[in-house]
Every structure is written in structure tokens, then in C-alpha cells.
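Peer 1: One structure is given below, represented as C-alpha cells, and several questions about it will come after.
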Amino acid sequence: MLPALRDGDLALVSARPVYWPGDIIVFPDGVGALKVHRVLGPMRARAQWLYLTRGDACAVADSPVPYGRVIGKVVNAPTLGPIRRAYVRAKAIVDFATAIAHYVREHRCPTPTST
């Protein structure tokens with residue numbers, strides 16, 4: 001969903017009675033993951049409401065999504081994603097430093113002993 005959302009961003013999702021063009025919605029992709037795509041518009045087929053969606057970085061629209069499969073609309077929470085990314089970066093730095101310290105400790109040159 002670049003540029004609106006990045007991989008790893010946290011998002012608050014809220015179910016709504018209706019979703020409008022431009023809303024970003026969350027729905028299962030059918031293989032165990034979730035899709036976060038923008039609503040292009042609603043359509044009615046076989047007595048049910050469907051939503052046409054497309055990711056912002058995608059060239060083609062998805063297959064229509066039935067209203068009953070929509071988990072909810074992404075609610076704007078702009079500070080959560082950057083906080084999570086900062087946490088992940090800081091944790092990676094700490095993990096890297098810990099790995100280096102462990103390596104140095106295990107591969108330390110023996111110190112000469114006095115006789």
C-alpha cells in the first residue's frame with residue numbers, strides 16, 4: 001500500500017457499515033494472509049455487495065471482495081508505524097552488538113602469562 005502504508009506499519013482497523021471509494025480496507029487474501037487495499041467502489045451482484053479494490057502500487061484491481069469478508073477500514077494512526085520501525089531498527093542494532101560481543105568473547109586471543 002505504498003505510499004500510504006509500508007510493510008511493518010501498525011494499523012488500527014475498525015469495522016464500518018459501509019466502505020467508500022478511497023477507504024483503505026483489510027480483508028483475507030484466501031491463503032492465510034491479509035490484504036490492505038484501497039476501495040475503488042462498491043458494486044452489487046447476486047444480491048450481495050462487493051467492493052472493487054486495488055493496492056496503491058498495483059496496476060490492476062483485485063477480484064471483487066464481498067462485504068462479509070471485509071475485516072474493517074484502516075483508521076489513521078500515523079505515529080504507530082514509525083515507532084514500530086524505530087523499535088525494529090534499535091533491536092537490530094542491539095542484536096548485532098550482542099552478536100559481535102559474543103564473537104569477540106569466544107575468539108579472544110589468549111593473554112600471555114608471566115613466569
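Peer 1: List every residue pair whose Cβ atoms sit under 9 Å apart, with the two residues 6 or more apart in sequence or on different chains, where the first one lies in the range 32-47 and is outside the structural domain of Pro21 (by TED's automatic domain parsing) and at positive phi and the second, anywhere, is surrounded by 15 or more Cβ atoms within 10 Å (Cβ to Cβ) and aromatic (Phe, Trp, Tyr).
Peer 2: Correct list of pairs: empty, since none qualify.
Peer 1: Of everything in the range 56-74, what is closer than 20 Å to Gly32 by Cβ, small (Gly, Ala, Ser) and within 19 Å of the chain's Cα centre (by Cα)? Give them in sequence order.
Peer 2: Once the filter is applied, which keeps residues that are closer than 20 Å to Gly32 by Cβ, small (Gly, Ala, Ser) and within 19 Å of the chain's Cα centre (by Cα), the range 56-74 yields only Gly72.
Peer 1: Within the range 5-25, how many residues are touching a residue at least 40 places away in the same chain (Cβ under 8 Å) and surrounded by fewer than 16 Cβ atoms within 10 Å (Cβ to Cβ)? Walk me through it before giving the result.
Peer 2: Initially, the range 5-25 is screened for residues touching a residue at least 40 places away in the same chain (Cβ under 8 Å), giving 5-6, 8-16, 19, 23-25.
If we keep only those that are surrounded by fewer than 16 Cβ atoms within 10 Å (Cβ to Cβ) too, we end up with 6, 8, 10, 12, 14-16.
Result for the range 5-25: 7.
Peer 1: Can you name every one of the strands (runs of 3 or more DSSP E) wholly within the range 1-78 that holds 1 or more residues which are touching a Phe, Trp or Tyr at 6+ places or on another chain (Cβ under 9 Å)?
Peer 2: Numbers: elements: 12-14, 24-28, 34-45, 48-54, 72-75.
Passing ranges, in order: 24-28, 34-45, 48-54, 72-75.
The values are calculated or read from the model by the stated rules, or taken from the named source; none is laboratory data. Here the structure is a predicted model, which is why all the values come from computation and not from measurement. Every residue, glycine among them, receives a Cβ derived from its backbone with ideal geometry; neighbour counts consider all protein chains shown.
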